[in-house]
Amino acid sequence: MKNIVVLVSGGGTNFQALIDAQERGDIQGGKITCVISSKPDAYALERAKNHNIPSRVICRKEYDDVAAYSKAVLEALNEEKADVVVYAGFMTILDDSVCNAYPNKMVNVHPSLIPSFCGKGYYGLRVHEEALAKGVKVTGATVHFVTAVCDGGPIILQKAVEVKNGDTPEILQKRVMEEAEWIILPKAVSLLCQDKVVVSDGRAYISE
């Protein structure tokens, strides 16, 4: 049984999707053993408490730079014996030392179909604002491995979501979460826990 450690910064809606999937029995081969928050007041910590999941706070503001903060997070991941690390609304930048220590073991969910609307600065509502500005008819979400390149790691799963007339960024954000992010993130984590994701030549392949 693999130890799943979830990194959070805010409300934790994707974290809740993981909790719900775990309680339904949809995550096989792993268990959420700890949540680590970059903010002491993140509501995700309340979600963890409600489901008896151990939590830690490593407050970004208490560290002088990215290197010092990354070192603290890495030490915590090692202490928690993390096998799979999940970014679930984790809005803090970590340096290469962390993803290098957990190659092909750290995953993130991004609210677009990568390579569209991704990279540095593309997070939250901005992703959906850009999608609407471009007039795309389909958007979606992507679960990918975390590497030194922002949103540049091998793609594990993607799911498309229709863009509808009259959509606002907020409406589209909600639809992408409900119809894509909350579905493919738990699925990708389950696949990873079952050792069903293999990376070759920079591409992720799923074995059945």
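The values are calculated or read from the model by the stated rules, or taken from the named source; none is laboratory data. Just so it is clear, the structure is predicted and the values come from calculations on it, not from any experiment. As a convention, Cβ positions derive from the backbone with ideal geometry for all residues, glycine included, and neighbour counts pool all protein chains shown. SASA here: full protein model, heavy atoms, side chains in, ligands and nucleic acids out. Shrake-Rupley method; radii C 1.70, N 1.55, O 1.52, S 1.80 Å.
Quick look at the values:
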| item | result |
| --- | --- |
| In the stretch 179-202, the residues that are touching a helix residue (DSSP H, G or I) at 6+ places or on another chain (Cβ under 9 Å) and either over 20 Å from residue 113 (Cβ atoms) or free of Cβ contacts under 8 Å to residues at least 12 places away in the same chain (or both) | 190, 196 |
| Residue match in the stretch 37-53 (condition: in a helix (DSSP H, G or I), open to solvent by 20 Å² or more (accessible area, probe 1.4 Å) and among the aliphatic types (A, V, I, L, M)) | yes |
| Which numbered condition residue 149 misses (of (1) part of a loop (DSSP other than H, G, I, E, B); (2) over 24 Å from residue 84 (Cα atoms)) | (2) |
| From the options 125, 113, 132, residue that is modelled with pLDDT under 95 and either within 14 Å of the chain's Cα centre (by Cα) or open to solvent by 20 Å² or more (accessible area, probe 1.4 Å) (or both) | 125 |
| Cross-chain or 6+ apart pairs with Cβ under 6 Å, the stretch 10-34 first and more than 21 Å from residue 58 (Cβ to Cβ) and touching a residue at least 12 places away in the same chain (Cβ under 8 Å), then assigned to a loop (DSSP other than H, G, I, E, B) and open to solvent by less than 50 Å² (accessible area, probe 1.4 Å) | 21/27 |
| The stretch 135-146, residues that are more than 29 Å from residue 85 (Cβ to Cβ) and either open to solvent by less than 30 Å² (accessible area, probe 1.4 Å) or free of Cβ contacts under 8 Å to residues at least 24 places away in the same chain (or both) | 135 |
| Verdict on residue 90 being under 21 Å from residue 179 (Cα atoms) and in a helix (DSSP H, G or I) | no |
| Residues located in the stretch 40-80, provided they are touching a Phe, Trp or Tyr at 6+ places or on another chain (Cβ under 8 Å) and without any contact (Cβ under 8 Å) to a residue 60 or more places away in the chain | 44, 47, 48, 58, 60, 63, 69, 72 |
| Unique match (being open to solvent by 30 Å² or more (accessible area, probe 1.4 Å) and farther than 22 Å from residue 31 by Cβ) among 120, 81 | 120 |
| Residue match in the stretch 163-173 (condition: out of contact with any Phe, Trp or Tyr (no Cβ under 7 Å at 6 or more places or on another chain), farther than 30 Å from residue 41 by Cβ and in contact (Cβ under 8 Å) with a residue 24 or more places away in the chain) | yes |
| Identity of the residue in the stretch 54-78, open to solvent by 40 Å² or more (accessible area, probe 1.4 Å) and outside any helix (DSSP H, G or I), that ends up farthest from residue 29 (Cα to Cα) | 64 |
| Output for the stretch 151-197, where each listed residue is acidic (Asp, Glu), out of contact with any Cys (no Cβ under 8 Å at 6 or more places or on another chain) and buried (at least 18 other Cβ atoms within 10 Å of the Cβ) | 181 |
